[in-house]
1. Do we find that residue 459 is in contact with a Leu (Cβ under 6 Å, 6 or more places away or on another chain) and more than 25 Å from residue 545 (Cβ to Cβ) in this structure?
2. Keeping to the stretch 401-422, report how many residues are part of a strand (DSSP E or B), polar (S, T, N, Q) and out of contact with any Gly (no Cβ under 9 Å at 6 or more places or on another chain).
3. Would you tally the residues in the stretch 167-226 being touching a residue at least 60 places away in the same chain (Cβ under 8 Å), of a type in the set (Asp, Glu) and open to solvent by 30 Å² or more (accessible area, probe 1.4 Å)?
4. For residue 278, only one of the following conditions fails: (1) surrounded by 19 or more Cβ atoms within 10 Å (Cβ to Cβ); (2) under 26 Å from the mean Cα position of the chain (by Cα); (3) not in a helix (DSSP H, G or I). What is its number?
5. Of 679, 673, 628, 641, which residue is open to solvent by less than 10 Å² (accessible area, probe 1.4 Å) and either within 28 Å of the chain's Cα centre (by Cα) or of a type in the set (Asp, Glu) (or both)?
6. Given (1) assigned to a loop (DSSP other than H, G, I, E, B); (2) out of contact with any Phe, Trp or Tyr (no Cβ under 6 Å at 6 or more places or on another chain), identify the lone condition not met by residue 571.
7. Of the residues that make up the stretch 783-801, is at least one over 27 Å from the mean Cα position of the chain (by Cα), surrounded by fewer than 16 Cβ atoms within 10 Å (Cβ to Cβ) and part of a loop (DSSP other than H, G, I, E, B)?
Amino acid sequence: MATQPPSSAAAADLYETASQPDPSASAAGDAYTFLEFNTQGDDFEYPDFPELSQPARSAPPPPAPVTSSASSSWPAPPLPPDALPDADLAPQDSTPPASSSSPSPRSSASKSRAAAAVADGLAAGVAALSFEEPPGAGTGDDGYDYGKGDFVEHACRYCGIHNPACVARCNVPSCRKWFCNSRGNTSGSHIVNHLVRAKHKEVCLHKDSPLGETILECYNCGCRNVFLLGFISAKAENVVVLLCREPCLNVNALKDMNWDLSQWTPLIDDRCFLSWLVKVPSEQEQLRARQISAQQINKVEELWKTNPDASLEDLEKPGVDNEPQPVVLKYEDAYQYQNVFAPLIKLEADYDKMMKESQSKDSVTVRWDIGLNKKRVAYFVFPKEDNELRLVPGDELRLRYSGGTSHPAWQSVGHVIKLTAQEEVALELRASQGVPVELNNGFSVDFVWKSTSFDRMQGAMKTFAVDETSVSGYIYHHLLGHEVEHQIIRNTLPRRFGAPGLPELNASQVLAVKSVLQKPVSLIQGPPGTGKTVTSAAIVYHMAKQGQGQVLVCAPSNVAVDQLAEKISSTGLKVVRLCAKSREAVSSPVEHLTLHYQVRHLDNSEKSEMHKLQQLKDEQGELSSSDEKKYKALKRATEREILQSADVICCTCVGAGDPRLSNFRFRQVLIDESTQATEPECLIPLVLGVKQVVLVGDHCQLGPVIMCKKAARAGLAQSLFERLVILGVKPFRLQVQYRMHPCLSEFPSNCFYEGTLQNGVTANERQSSGIDFPWPVPNRPMFFYVQMGVEEISASGTSYLNRTEAANVEKIVTTFLRSGVVPSQIGVITPYEGQRAYIVNYMSRNGSLRQQLYKEIEVASVDSFQGREKDYIILSCVRSNEHQGIGFLNDPRRLNVALTRARYGIVVLGNPKVLSKQPLWNSLLTHYKVQLSVDTYQCLL
């Protein structure tokens, strides 16, 4: 494009776009993504062309010559109308004065005339001022009242602004609504708010906007996900090129082109589209627009999911979007309890169903294998695009093939038996017949939603209400929050409170065990690294020795149940680990304790018939109906026999509702990690006849994960443990931590546990020999690495990433590896799924050491690391913005978890300017500054 400033004819080409390629170019498959406009440096304010429409595209002009400066190789912009002295009088198509790479200075005479003209104009304007309300006041230029009536088609569906330059259309076929680029009363622009809430990702500009009717997409691959798109300036042409962040920004072929890929900038900045792409409405337009709150936006977006044509006025209709009844601290009876919690469980179930069933994947590539049990296993990649959805072993998926010339249509349901770090899923299929193993491409995957866990919660609440024998009278009233006299269980206390096969207990652990054995309801608070699993195992051992019958041990997660089962088994007690049938093929560290393993390996001649039938079933895939009936009866009898002979039965809270336990009664129940379970989830193991209950957890760490925000707001996210603490039940706190270097435990102890944590390890015991890592203060293995990189919205639209932080995470990981640390000792954690995925990709692509080393390093979310530990932790905070705040990081419980995973050392990467606005983070930054006696803003590398 010519380097001379444009004439009036050329002005119309300023925002020309390749979304309308010329006929000669279209045959070559021109992409949409060269956006042409003139610039003058980074801070140039783009002029307004309200009347400019998109012309038909002509053949592209020859590229401008390259000069030494990128900015000077682009022609100067025309002067905006308000920069001209007689702007009000100038016609729209007037030709701006010629200029070189910077505007030409005007003579002093012209400046004088300009000043005089402005003064005269102001005087005339003041003289003409009228304080009477003119006709059509408060309306738009076309007489439209923003607050009332129907909007024009391209008006923002939130606020009514309809300036073509300021709006964009959501291009998802089922939506196609228009939204503007103003923030209004929210932290992000209306178009970005909609895309995030609706999980939509495509955008089209208005035909009368400066850039014309353009669908935004990647120049190289055609990706239309606006959360992935950014632009770079082409050095040899006065155009910008749209490229996606993954994978095209890292394609080697593009690096060879004459583009500076390091200058790539996302199209969405601080949750608004860049103003040269979609203009921000003027203050006057925003004042005239309908005012809408973030809460109203959330509600109308929820309404659109079921009624796409709904309007804001529909929110006012009775029965629309009613908030459910919130939880309370005390309940009159179990019926009121059920009436409050049942609707919340239904809300969560409905949301979970909607989320999972919407997660179909097409064009999946499969590789086939056969498991040890002779069943077909399909391996395929199921990327984590959304941080809301967690695929776990035991989930049910449907794999299908739509049919083709080589194979007819086929489908089969299976269970997830394994998930690899590379996001590969292993799916064991139920049926092995007719599987198209000769095919690898063109498969689809759907979630098969199961209501089992929610049904069991509803069932437990019903039992609690109607069955008087479900829990003791004392526990019934205690759980409902009624005032009850303290009871003491009279039994003979053991002389020694430890247990065989377990480490010696410290004083606070001994007191906890002694206290629990004498109370019907006990809470034990286990801060990080204080040995709550060992303490729980000791409690279960002594309970089992009291002769009160079998002890039921539960936790909300399978990992926690396995850990506890292993510890309890080491005391010599007979433990049976009951797994969900969907998880029987999932490998487990306590495989030998599982019921299904014990059934298969029971050494009993009477069971030979069942083993023969089992063998036949494994070989043939199925049995005749009479043999199947006989096999099931024999298997049930064997399972019951093994369960009855156990001292302790371990399962998840939901697993306690398994039909195989329906005729069992448990007087003593211990629930570990009870602060991560919802109340109705905790109730499932309790309604099996409990007379003594122990809840173990830590309400200063993360609580239950509730997907439905409406249910979470109503209080479903509050655990039973937490409610009992609020009601005045004092938890017994374990006080000696054995995990962290003393300098790492100091801040969490003071901030979250009133300074009560004592160190069971010395600084010397946490001094890593032979590791040469450059800590700022050698005997204090911690530091804050200052980052100024900007956050970006991740591909899902619902998470964040920070490329600068990711690059520095790789540098720190490499420094650790070079200093002698092995990959299994390092954990990289971040609150955001978008950052987790980006770090994994970045390290494997850009790591300067052997790629395999980076693949062995665990990169995970903070939430998934609760209950885990590593020798060295690198925490990437991600958030770095002007308006958005720090989101997830605001939760003190998440900060507590993040800071307490490391044994030997921790590195925190973040933007102190943004983080320090939050008081707790400010305290942490101050702590680091004081403890390290160095400038906090010093960088390591």
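1. On the way: in contact with a Leu (Cβ under 6 Å, 6 or more places away or on another chain): no; more than 25 Å from residue 545 (Cβ to Cβ): yes.
Spelling it out, it is not the case that residue 459 is in contact with a Leu (Cβ under 6 Å, 6 or more places away or on another chain) and more than 25 Å from residue 545 (Cβ to Cβ).
2. Kept after step one, since they are part of a strand (DSSP E or B), are these residues of the stretch 401-422: 401, 410-419.
Restricting the remaining residues to those that are polar (S, T, N, Q) gives 411-412.
Those left that are additionally out of contact with any Gly (no Cβ under 9 Å at 6 or more places or on another chain): 411.
Number of matching residues: 1.
3. Qualifying residue count, the stretch 167-226: 2.
4. Here residue 278 meets the rest and fails (2).
5. Numbers: 673 fails: open to solvent by less than 10 Å² (accessible area, probe 1.4 Å); 628 fails: open to solvent by less than 10 Å² (accessible area, probe 1.4 Å); 641 fails: open to solvent by less than 10 Å² (accessible area, probe 1.4 Å).
Only one candidate passes the filter, namely 679.
6. (2)
7. First, the residues of the stretch 783-801 that are over 27 Å from the mean Cα position of the chain (by Cα): none.
No; the residues of the stretch 783-801 include none that is over 27 Å from the mean Cα position of the chain (by Cα), surrounded by fewer than 16 Cβ atoms within 10 Å (Cβ to Cβ) and part of a loop (DSSP other than H, G, I, E, B).
Yes or no, residue by residue, for (1) among the charged types (D, E, K, R); (2) surrounded by fewer than 24 Cβ atoms within 10 Å (Cβ to Cβ); (3) under 13 Å from residue 668 (Cα atoms):
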{"residue": "488", "(1), (2), (3)": "no, yes, no"}
{"residue": "495", "(1), (2), (3)": "yes, yes, no"}
{"residue": "500", "(1), (2), (3)": "no, yes, no"}
{"residue": "506", "(1), (2), (3)": "no, yes, no"}
{"residue": "538", "(1), (2), (3)": "no, no, no"}
{"residue": "547", "(1), (2), (3)": "no, yes, yes"}
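The values are calculated or read from the model by the stated rules, or taken from the named source; none is laboratory data. Since the model is a prediction, treat every value here as computed from it, not as a measurement. For neighbour counting, all protein chains shown are included, and Cβ atoms are generated from backbone atoms with ideal geometry for every residue, glycine included. These area figures cover heavy atoms from the full protein model, side chains too; ligands, DNA and RNA do not enter into them. Shrake-Rupley method; radii C 1.70, N 1.55, O 1.52, S 1.80 Å.
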